[in-house]
Amino acid sequence: MQELWIRLQLIFTQLAAQVKAAVAAETEHVVLTVLDTVLPVACGVLRVLAVVVAIIILIRCVLSLVREKTGKEIWGWLAMNDGTQLDLRHWENTVGRGGFSDVVLDFPTVSRSHIALLRDDKGNWKLQPLQTKNGTRVNGKPVEHTVPIKTGDIIDLGGMPLEFYAISDQEEREQAMRLGVAERPLSPAKTLGYLTVFQLMMAVQCLPGREGQDLIMIAASFGILLIAMWAMYALYRTLKRTAFEPETIAFFLCTISFSITAAYSPESLLVQTISMLLGMIFFLVLSVLLRDLKATVSMRWAVAVLTCLLLIFNVVLGEAIFGAKNWIDLGFISFQPSEFVKVAFIFTGAATLDRLFARRNLIFTILFCGFCMGCLALMSDFGTALIFFVALLVIAFLRSGDVGFLALMGTAAVAGGWMILQFKPYILNRFMAWRHVWEYSTEAGGYQQTRTMSAIASGGLFGKGTEESFLKNIGAANTDLVFGVISEEFGLIMALLVVSCLVILAVYAVRSAATARSSYYVIAANAAAAMLIFQASLNVLGAVDILPLTGVTLPFVSMGGSSMISCWGLLAFLKAADTRPNASFSLKLPKRIRGWVPPDYDRIYDGWDEDYDDYYDDPYYEDYDQGYDPGYAYDDPYQYNDFDGYDQPEYTQKWTLPQPEQEDPYATRHWKQPGDKPSGIDDWQSLTDQRPMEDTIRPADHRERRTDR
Amino acid sequence: MKRLNRRTAITLVLVAGFLAGILFFCIQLFRNGNDWVGFFGTTYYESGAIYDSKGVKLYDGETGEYAEDWSTRVSTLHLVGDRNFGTSLRSVLASRLTGYNPVTGTTLGSHDVTLTVDASLNTTAYNALNGRKGVVAVYNYLTGDLECLVSAPSYDPLNPPGDINENPAYEGVYLNRFFSSTYTPGSIFKIVTTAAALEEKKDLDAFTFTCTGTYQIGEDTITCPYAHGQNLNIDQCLASSCNGAYAQLALELGGDTLEKYMEQAGLMESLEICDIHTARGSFEAAPDGSSYLGWSGVGQYKDLVNPCTMLTFLGGIANRGVAVVPQLIEKETLSGSAVPAAFPDGTDSFKIYDETTCNRLKEMLRNNVVNQYGQSQFGELPVCAKSGTAEVGGDKQPHAWFVGFVDDVNTPLAFLVLVENGGSGASVAGSIAAQVLSQAAAN
């Protein structure tokens, strides 16, 4: 009986196993067939959709940056004895007769650049005479060197008395609140939502053909990317920062980077993910550091010395990977110091306004750059050396404005290059194939470029997916030829979007310069942007044989940890120049005023209801998007013209001379009332510029109100 | 700060440079993407298949497989090619085989190309050459379809000979002689001289020549193999290929006239067939009255012709003065289906001589076969032909030529056979032509 039972059991188990196996085989077969036919089509559709979503993301970022006028902050005034006030719009202002001065005083006894008025982040002001010919006096005492000044001081410029006012803490807070309410970016959360969809689409495209460990790796990396992105945004919101466009663009580029890395080898995603997280931390730390300009400037020397030591260390102990000896292997981790030197170079190369007027202010920077380039040349990393040189040119031009000097440096560089070729003629061989790569298609000179161009053409506008691509298997494809890899896998449009991302970042840096507080931020942002753009040019145009192939990375996109971290570092410089209220970590946010309600005229609303981050109770909210008339803002040509009329000579007269007989525009203009026509933001801007600030600041009663300092 | 603000334009200059470079690249991509994608070095991109006119697979890019049959592989090697052949279809059709277009790249799949060439004819022709170097080509002079194209020496692409670079038997093996070589035409050039004489000399029908075996020009002598006889008319001179008579005609016509008729025949042109550019023939007008001029009139001296243009020229005579440029592609379809993927290649043609001249030439060439070479070897086919024995100097055997066409609308075939160092034209090359023609006509 027992035997029978055992036998029966055995038969059943065998039967069950067979059925199970048969069913499993059948299901597997069906599933595989479905996957084989459906997956490629689905991925193809996803690729097209991903391009559409990517375009939406970038358009939203651009719109957000463009629509939002960078706020024109006012940090103080100079009052003339007729009551005219001259605004101090930056932390660093030059005062003089020349049209290029920030405050123009068209009097014969005032020098072209007479003085500089400098503010630090604590609100302390000082005056730096920029010349000695026409005298400068503060409260009657002649001044030859930088002196501190405070509200109420009388500054005498060549016999022209001016009363100096700095805004109070209260006013600074009000100003920040006011600008913060009026100027809001397009909802970053929504853009991030699109980016999340984009990331999911890209992740899914990387899955076909992968199994087991790889799938987990891909899912985990994209998951971390997503979480990190939202966590950073949450941090921003907690700290009352709302502008997230440059970060969004960086995350977009990181997504592309993750995708091509996943397509090549999912194991490498680990490095990429870790370095992105490190990069984000670096970005935040650097942003916070950049707040304190004084500390930043004082750290320049230390950073320079450290950098030099790092480079020397690299030259001595460097490991050669892909030809250049620019790696340091610490056993557990290997990295490329030259990437970090880029950040250090900008950190030390940028300068505040007072330095710009010092004589021979560039020598230190040039020496430092020369040292860096020399070390890089010793490491045979000529691509990075070239990037340093261009960054130096940009910094030198920004600091000196001297085209002749640029020409001189350019000539010196050409001569230096010629000298190098005399001693090391083999370098010339690298350039032999340039513009003739098809003739060198089987040799080192043209091997990579020809395959890149072939791959780009084969990908068409929408790419052929991660599985089919071949370029990724060519040496250094995911770093040097990454433009081709993106084109092949995700299409030319996607690759061009990546390019436009970097262009947007650069234009953003230039735009921020108009309202930046300190020249340090402007120089740093523009040098960083120039570095990114030039590096991208070398990478992209080098891979397709428009420039010689130098083997530098594409910012944020190329595989590689050091490059990723340093790019986030460069992004911190870009972000620091952004003076939009609530934009940057690098700007200290003044303490909020409890219960503060913005004046009616600050409530500008033009229809982007979903984007409106509602900080405060707004009873009129519903009414703002009704009947917007875009032409409204430009009805008044006089005001419109003045909007960007900095350079016009009449500007100062119009704005500084009292115009009592003129009707107060704020009385006649309809400010927002319930049911009223809202106006465009341009309108508000132009009015803000003209506003006599009667509700907040009035020079006449300034001294009475000012008790805090 | 205002000043600094203006200086930031330098960043925009860099941006502008970057964008200009990108734009330049995009324009290049749009214009040359076709060539890039078919770039031969990226073997990764080989896709699509090449079939002969009967549907025999000659090469499959996806799998890298050649035809199964050894003789098919060998006889179509120069057409299909491997990496070493610049004029092979795998190379010149690469972008079409990949199915490239600028919008979708190669993502929509590859294309199959069906050739006009019949691989079995190729096999026959290759076997008939019997290991000698040379060219055999047959084409339809009405439609331009190349039905047979063999260039020898050849080898099996699956098993390339190890001594291919040293062994003189493989000299010039990577060259498709039909497209890329030029040869001394020898007596087949007399067709051109005859055409010039027909148009330039009104009294040609009254022309007679007495061949003594030698013809004296100044101190030099033009020789014939033997004395062809007395009072030969022009038909007999061509049939017997009398050098003396043609030397005299050349002297009477002058070098420039000959060059003009060579040009008119299209023999100095480079034809374009599927992006393959044929080699140009050449003719150097020797000084009037010199023996060189005499030699150039009989296809020696510095005369050079390309087999492809020569074949087209013969097709032109057969087609009464309109030469149809040969073509290789019958159709292009999406891989693995019969769906057409491209418009058919249009036929291209050009005018050579007057219709009357061509008709007269036809008669004379027909006369050659009937009275000289023998009709029997061609069966029923009304073949018009001219043989040639081109002296190549040194102690080498002369090149053997046999060129002509079938003057019949039902079998409108022009043919060309060249056996390098083959010896006497009519006997060596003629028999090969007869074999290939009989099979081609049977199709």
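The values are calculated or read from the model by the stated rules, or taken from the named source; none is laboratory data. Since this is a predicted model, take the numbers as computed values, not measurements. Here the Cβ positions follow ideal geometry from the backbone for every residue, glycine too, while neighbour counts run over all protein chains shown. Side chains included, ligands, DNA and RNA excluded: accessible areas come from the protein's heavy atoms. Shrake-Rupley method; radii C 1.70, N 1.55, O 1.52, S 1.80 Å.
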Test: residue in the range B:254-261 that is closer than 19 Å to B:Gly294 by Cβ, basic (Lys, Arg) and at pLDDT 90 or above: yes
Pairs with Cβ under 7 Å, 6+ apart, first in the range A:333-356 and closer than 18 Å to A:Leu306 by Cβ, second of a type in the set (Asp, Glu): A:Ser338/A:Asp381
Test set (1) open to solvent by less than 50 Å² (accessible area, probe 1.4 Å); (2) in contact with a Phe, Trp or Tyr (Cβ under 9 Å, 6 or more places away or on another chain); (3) touching a residue at least 40 places away in the same chain (Cβ under 8 Å) - B:Val392 fails condition number: (1)
Residue satisfying all of: in the range A:367-381; buried (at least 16 other Cβ atoms within 10 Å of the Cβ) and without any contact (Cβ under 8 Å) to a residue 40 or more places away in the chain; nearest to A:Arg300 (Cα to Cα) among these: A:Cys369
Top-ranked residue of the range B:343-387 - restricted to ones that are of a type in the set (Gly, Ala, Ser) and under 21 Å from B:Asn140 (Cβ atoms), ranked as least open to solvent (accessible area, probe 1.4 Å): B:Ala385
Residue within the range B:155-169 that is in contact with a helix residue (DSSP H, G or I) (Cβ under 6 Å, 6 or more places away or on another chain) and either open to solvent by 50 Å² or more (accessible area, probe 1.4 Å) or among the small types (Gly, Ala, Ser) (or both) present: no
Which listed residue is acidic (Asp, Glu) and open to solvent by less than 30 Å² (accessible area, probe 1.4 Å), from A:Glu267, A:Glu245: A:Glu245
Subset of the range A:378-401 (residues that are more than 22 Å from the chain's Cα centre (by Cα), more than 10 Å from chain B (Cβ to nearest Cβ) and either of a type in the set (D, E, K, R) or in a helix (DSSP H, G or I) (or both)): A:Leu378, A:Asp381, A:Phe382, A:Gly383, A:Ala385
Residue check, B:Leu14 buried (at least 19 other Cβ atoms within 10 Å of the Cβ), within 10 Å of chain A (Cβ to nearest Cβ) and under 30 Å from A:Leu117 (Cβ atoms): no
Subset of the range B:184-211 [of a type outside the set (A, V, I, L, M) and closer than 25 Å to B:His399 by Cα]: B:Thr184, B:Pro185, B:Gly186, B:Ser187, B:Phe189, B:Lys190, B:Thr193, B:Thr194, B:Cys211
Among residues of the range A:428-449, those that are within 11 Å of another protein chain (Cβ to nearest Cβ), without any contact (Cβ under 8 Å) to a residue 60 or more places away in the chain and not charged (D, E, K, R), counted: 5
Boolean, B:Thr8 is of a type in the set (Ser, Thr, Tyr) and within 30 Å of A:Leu392 (Cα to Cα): yes
Qualifying positions in the range A:286-298 - in contact (Cβ under 8 Å) with a residue 24 or more places away in the chain, open to solvent by 70 Å² or more (accessible area, probe 1.4 Å) and either out of contact with any Ser or Thr (no Cβ under 8 Å at 6 or more places or on another chain) or not in a helix (DSSP H, G or I) (or both): A:Lys294
Tally, over the range B:17-46, of residues that are more than 10 Å from chain A (Cβ to nearest Cβ) and either surrounded by 16 or more Cβ atoms within 10 Å (Cβ to Cβ) or at pLDDT below 95 (or both): 2
Given (1) modelled with pLDDT under 80; (2) loosely packed, with under 15 Cβ neighbours inside 10 Å; (3) not aromatic (Phe, Trp, Tyr), index of the condition A:Lys72 fails: (2)
Single residue of the range B:140-169 satisfying the filter (among the β-branched types (Val, Ile, Thr) and within 24 Å of the chain's Cα centre (by Cα)) that is farthest from B:Val436 (Cα to Cα): B:Thr143
Complete set of residues in the range B:407-443 that are open to solvent by less than 10 Å² (accessible area, probe 1.4 Å) and free of Cβ contacts under 8 Å to residues at least 40 places away in the same chain: B:Gly423
Condition broken by A:Ala350, with the remaining ones in (1) surrounded by fewer than 24 Cβ atoms within 10 Å (Cβ to Cβ); (2) touching a Phe, Trp or Tyr at 6+ places or on another chain (Cβ under 6 Å) satisfied: (1)
Residue count for the range A:414-442, restricted to those that are outside any helix (DSSP H, G or I) and open to solvent by 90 Å² or more (accessible area, probe 1.4 Å): 3
Candidate set from the range A:540-561 (those that are open to solvent by less than 10 Å² (accessible area, probe 1.4 Å) and within 19 Å of the chain's Cα centre (by Cα)); member that is nearest to A:Ile395 (Cα to Cα): A:Pro555
Strands (runs of 3 or more DSSP E) contained entirely in the range A:48-103, each with at least 2 residues that are touching a strand residue (DSSP E or B) at 6+ places or on another chain (Cβ under 7 Å) and among the hydrophobic types (A, V, I, L, M, F, W, C): A:76-80, A:85-88
Subset of the range A:127-146 [in a strand (DSSP E or B), free of Cβ contacts under 8 Å to residues at least 40 places away in the same chain and crowded, with 17+ Cβ neighbours inside 10 Å]: A:Leu127, A:Pro129, A:Thr136, A:Val138
Total residues in the range A:405-427, condition under 13 Å from A:Leu362 (Cβ atoms) and within 14 Å of chain B (Cβ to nearest Cβ): 3
The range B:97-117: number of residues that are of a type outside the set (S, T, N, Q) and surrounded by fewer than 22 Cβ atoms within 10 Å (Cβ to Cβ): 4
Qualifying residue in the range B:31-50 (condition: under 30 Å from B:Cys148 (Cβ atoms) and assigned to a strand (DSSP E or B)): yes
All positions within the range B:75-108 that are hydroxyl-bearing (Ser, Thr, Tyr) and either assigned to a helix (DSSP H, G or I) or within 13 Å of chain A (Cβ to nearest Cβ) (or both): B:Ser75, B:Ser91, B:Ser95, B:Thr98, B:Tyr100, B:Thr104, B:Thr106, B:Thr107
Qualifying residue in the range A:166-176 (condition: touching a strand residue (DSSP E or B) at 6+ places or on another chain (Cβ under 6 Å), assigned to a loop (DSSP other than H, G, I, E, B) and at pLDDT 90 or above): no
Some residue of the range B:189-199 being aromatic (Phe, Trp, Tyr), within 19 Å of the chain's Cα centre (by Cα) and assigned to a helix (DSSP H, G or I): yes
